[in-house]
Amino acid sequence: TERSGALEIRGLSARYGPVTALDAVDIHANPGRITAVLGANGAGKTTLLRTISGLVRGSDGSVLLGGRDLTGAPAETIARAGIAHVPEGRGVITELTVEENLRLGALLGTARRGSAGRGRLDEVYDMFPALGDRRRREAHSLSGGERQMLVIGRALLSEPEVLLLDEPSLGLAPRVVAQLFALIRDLVDSEGLTVLLVEQNARSALSIADTGFVLNLGRVVAAAGAAELAADDDLRHAYLGF
Ligand code: ATP
């Protein structure tokens, strides 16, 4: 299948009871680009990703992938459409080994394409040697940082069109974060992957992103090129914390 992975979020709203977590959010993320979603705690970043991937039901608005309307579709349909969600520090299957978890990601990719993938298992182990060392261990024995590596590795093995990353730097050593970001940049540049990168660490997110959206209390308060956002002193002080 073609990587026609432009992600278009239009007027998306979501509520938890009386709490409006997303309020008419418009965001687009293009293939071959890293789009950062920034904002303080509680701005609605996690809810945005959960609504896109079908884990939270939006109350209004729409989600389109390459023009295909996925609004309100079950999470499984959205995953099969090529949107891989890497939740914040969760999502490993603790009863399975590290390698079995990774093979599940590769299986999803094979199921989507109808043919075997290029098998990036070794690449994942190269990127995260801790996972290679523990490939036969059950995932419950992993540290928080190692679990984070495992869910990211599994998502990459599914060869998605769109990668939704929720705070991927959390719990990882700075050296591993740098390596991970470089690998994501490579994938985006070489394969036209669409990445929506949620980070509280706005400074490092903007250093690899192409464009960014800033959320505050569920609303988009700024949208611009990454360099432009990073250069805006008022915006940085008000919303980005650096
Ligand atoms: P964080 O970085 O802390 O995850 P965030 O920007 O991702 O922050 P969300 O987690 O999406 O923000 O939260 C947005 C708003 O929705 C907040 O006011 C939060 O308290 C509320 N919220 C999030 N999850 C729930 C829930 N399950 N039930 C009720 N309110 C929720």
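By how many degrees, 0 to 90 and rounded to 10, does the Cα axis of helix 174-191 deviate from the longest principal axis of the chain? Here the helix axis deviates by roughly 90 degrees.
Given their separation in residues at 0.36 nm each and the Cα-Cα distance between them, D26 and S207 gain 62.9 nm when the chain is fully extended.
Could you work out what % of the accessible surface of region 71-176 is carbon and sulfur, using a 1.4 angstrom probe and leaving DNA, RNA and ligands out of the count? Write out the running numbers ahead of the final one.
Numbers: 2470 of 4740 Å².
Whole-percent figure for carbon plus sulfur exposure: 52.
Region 38-73 to region 200-218: how many Å between their Cα centroids? So the two Cα centres are separated by 17 Å. Taking every alpha-carbon pair under 8 Å whose residues sit at least 6 apart, region 30-157 reaches a relative contact order of 26 percent.
Our summary gives the chain a relative contact order of 29 percent, counting only alpha carbon pairs under 8 angstrom and 6 or more residues apart. Ligands, DNA and RNA are left out, and with a 1.4 angstrom probe the accessible area of the chain is 45 Å² per residue. So what's the angle, to the nearest 10 degrees on a 0 to 90 scale, between helix 98-113 and the longest Cα principal axis of the chain? It is inclined by approximately 70 degrees.
Protection proxy ranking of 159-171, 70-82, 207-219, by the mean of other Cβ atoms within 10 Å over each peptide's residues and highest first, is 159-171, 207-219, 70-82.
The values are calculated or read from the model by the stated rules, or taken from the named source; none is laboratory data. Only a predicted model underlies this, so the values are computations on that prediction, with no experimental measurement involved. Cβ: placed from backbone, ideal geometry, glycine included. Neighbour counts: every protein chain shown. In case anyone asks, the SASA skips ligands and DNA or RNA and just uses the protein heavy atoms, side chains included. Shrake-Rupley method; radii C 1.70, N 1.55, O 1.52, S 1.80 Å.
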